[in-house]
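The values are calculated or read from the model by the stated rules, or taken from the named source; none is laboratory data. Worth saying up front: this structure is predicted, and the values here are computed from it rather than measured. Neighbour counts run over all protein chains shown; Cβ positions are idealised from the backbone, glycine included.
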Amino acid sequence: MIAAHGASVTLDDSTLLVTYSPLLTALSSSSNQEETISLDAITGVSLHNPTAFTCGFLTLEGTDTTITFAPNQTAQMQALAADIHKVLQGEAPSLSSTSTESDAPVPGLDFVGFDVETANDDWGSICQIGLVRYKDGLEVEAVSWLCSPPEPLNFFNPVNIGIHGITPEMVADQPTFAELLPKMVDFVGDLSLVAHNAQFDFTALSRACAAAGIEAPSMIYGCSLTLARNEKLQVENHKLPTVARFLGVELEHHHDATEDARACAAITIALARRHDFEGSFVDFIHSRGFTLGTIDNEKVYPVLRDRSGANVAVQRRRLGLSAPQHSEVAAVVPAVEEPKAAAPKKSRGRAPWDKVATPEVIPDPNPDADPNSLLYGHNITLTGDFEPYEKGALWQRIADQGAQIGKNVTKKTTILVAGQWATITSKQKRAEELKEKGQDIQIWDEKQLFSALGLDEQPPF
C-alpha cells in the first residue's frame, strides 16, 4: 500500500485499488470511496512531480484516473509509477522502492493514532472519529467514521463547519456516536492511543459518552503535543501542522480526523526514531519522562511529566508491565514500592467543591526550568474550578516551569489564579486584602494561566 494525497493505493498483478478518505469522498461529486482499475486498461503513466509547495499528479494513461501526491510524496509517486511499469512488463510489483528511513519499522511500537472533530463549542459534540493502527511503527489499518453527535449536543456551529467542512446533512444518515463507540473499542483492542493535545480528544470522548448516557471506555494514551514540546523543536508553535511540517510528516487534509490521527502518530514515530528507540509505546512514553494518561467512566487523567520516575514505576505496576529493557526507560524508573491502598470510605454524594479540592502532594519546582519562563520563580496558588484540567495536573505543569506551588495565599504568594466559581473564594478575598496592603501579588484568571502553560493551543490545531 502506498499513501497518496487523501488516499491510499494498493497494487497487485492485475488491479490497482484507490481508497479515498471518507471526508474527501463526502466532498467529491462521486460517492464512491473506492476505485478499482484493471491494469489491462492502463497503457502507461505520466508524472507531474510535486514541488516543495504544490502537489504532484500521476495520470493513468488509457483511463480517466489521476492520483494526487503531496509535496513530500515524490518518492511514493515514483515508486508507484515504477511498479506499474513492472506489472505492465509482466513482472511482479515490489513496492520496495518506497522504503526509506522514515518508513523503517520501530520494533515493538504498536499503538493507535486517534482524533475527533466536533460540531460546536462543546467538546462532547463529536461528529467524526479517526483511528489509525500501527504495528512496529508501520501503519496497518485506518478507519474514519462520520457520526451524529449525542442528542443534547447535536447542532453545528458555522465556525466548526468552516474548519472541518462537515455539515449536518453529511451526518444525518450516519450512525450516532453511541452506535460507533463499540466499533472504536473493538478497533483499538488492548493497544494504547496517541492524540495531539490528547487532553482535548479524550475529554471530548468522556463528555460525548456522558451526553449519550453511556459508559466511557477504559483506555490509556500518550500525547504527541507533549512529546513535541519536550523535544524543544525550533518551531514557532506546537500545533499539529507546524510540528508535522518540521518533522517531514504529511498532513494535507488537516481537520480530517483520520488524517490528523495519522499525522500525530507519525510525529510520535518520528520522535521515537530520533532517539533510536525500540520497544513498546508505553516504554517510549516512559522513556521521555512522562506517565500515560487514562480515561475511564469516572474521569480523564492527563499525561504528566514525572522527573523522579516514581509515578512511572507505579503506573507500570498497575498496568502489569515488567521492568523495561530500553536503557532510557530504565533510567527513569527507580525501584519504589506501590503505595498501599487507603481503606475504603463510606460512599457519599459528591459535593460541588470536591472537584476543586486541593491535592495532597505539592510538586517541587523544576531546578532545570528556563529562567525566562513566564512563571519561573513565582509562588503560585490556585483557587476555583479549572475544568477540564485537574489542579494536580496544573500544579505539575506550573512546577515544571520553575514556580513554587502554595496551597494557601500567604505573604510569599506572587500570583493567585482564580478559576471559575459561583462566588469570590476566601483565597481571592485574602489575595485582594494583601494587595491593598501593598503586597506585590497578581490575580489572574484561568485563561492567563492556560496561556502561560501553553494550554491555549486548543482546536483548531
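Based on what the data block shows, is residue 419 closer than 29 Å to residue 311 by Cα and in contact with a helix residue (DSSP H, G or I) (Cβ under 9 Å, 6 or more places away or on another chain)? Quick ask: steps written out before the conclusion?
Details: closer than 29 Å to residue 311 by Cα: yes; in contact with a helix residue (DSSP H, G or I) (Cβ under 9 Å, 6 or more places away or on another chain): yes.
Yes.
Looking at the stretch 221-248 only, could you name the residues that are out of contact with any helix residue (DSSP H, G or I) (no Cβ under 9 Å at 6 or more places or on another chain) and either in the same structural domain as residue 54 (by TED's automatic domain parsing) or in a loop (DSSP other than H, G, I, E, B) (or both)?
Hit for the stretch 221-248 is 232, nothing else.
If a residue has to be part of a loop (DSSP other than H, G, I, E, B) and not aromatic (Phe, Trp, Tyr) to count, how many in the stretch 114-152 make the cut? I'd like the intermediate steps shown before the answer.
Within the stretch 114-152, the first condition is being part of a loop (DSSP other than H, G, I, E, B), and the residues that meet it are 119-125, 136-137, 147, 149-150.
Remaining after also requiring not aromatic (Phe, Trp, Tyr): 119-122, 124-125, 136-137, 147, 149-150.
Number satisfying all stated conditions: 11.
Conditions (1) surrounded by fewer than 14 Cβ atoms within 10 Å (Cβ to Cβ); (2) assigned by TED's automatic domain parsing to the domain that holds residue 161; (3) more than 30 Å from residue 126 (Cα to Cα), marked per residue:
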residue	(1), (2), (3)
368	yes, no, yes
390	no, no, no
400	no, no, yes
419	no, no, no
422	yes, no, no
425	no, no, yes
438	yes, no, yes
446	no, no, no
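Does residue 166 satisfy being assigned to a loop (DSSP other than H, G, I, E, B), within 28 Å of residue 299 (Cα to Cα) and of a type in the set (Val, Ile, Thr)? If you could, list the steps in order and put the result at the bottom.
Values: assigned to a loop (DSSP other than H, G, I, E, B): yes; within 28 Å of residue 299 (Cα to Cα): no; of a type in the set (Val, Ile, Thr): yes.
Taking the combined requirement at face value, the residue does not satisfy it.
Can you tell which of 81, 26, 52, 75 is modelled with pLDDT of 85 or more and not in a strand (DSSP E or B)? Outline the logic, then answer.
Numbers: 26 fails: modelled with pLDDT of 85 or more; 52 fails: modelled with pLDDT of 85 or more; 75 fails: modelled with pLDDT of 85 or more.
That would be 81, the only listed residue that is modelled with pLDDT of 85 or more and not in a strand (DSSP E or B).
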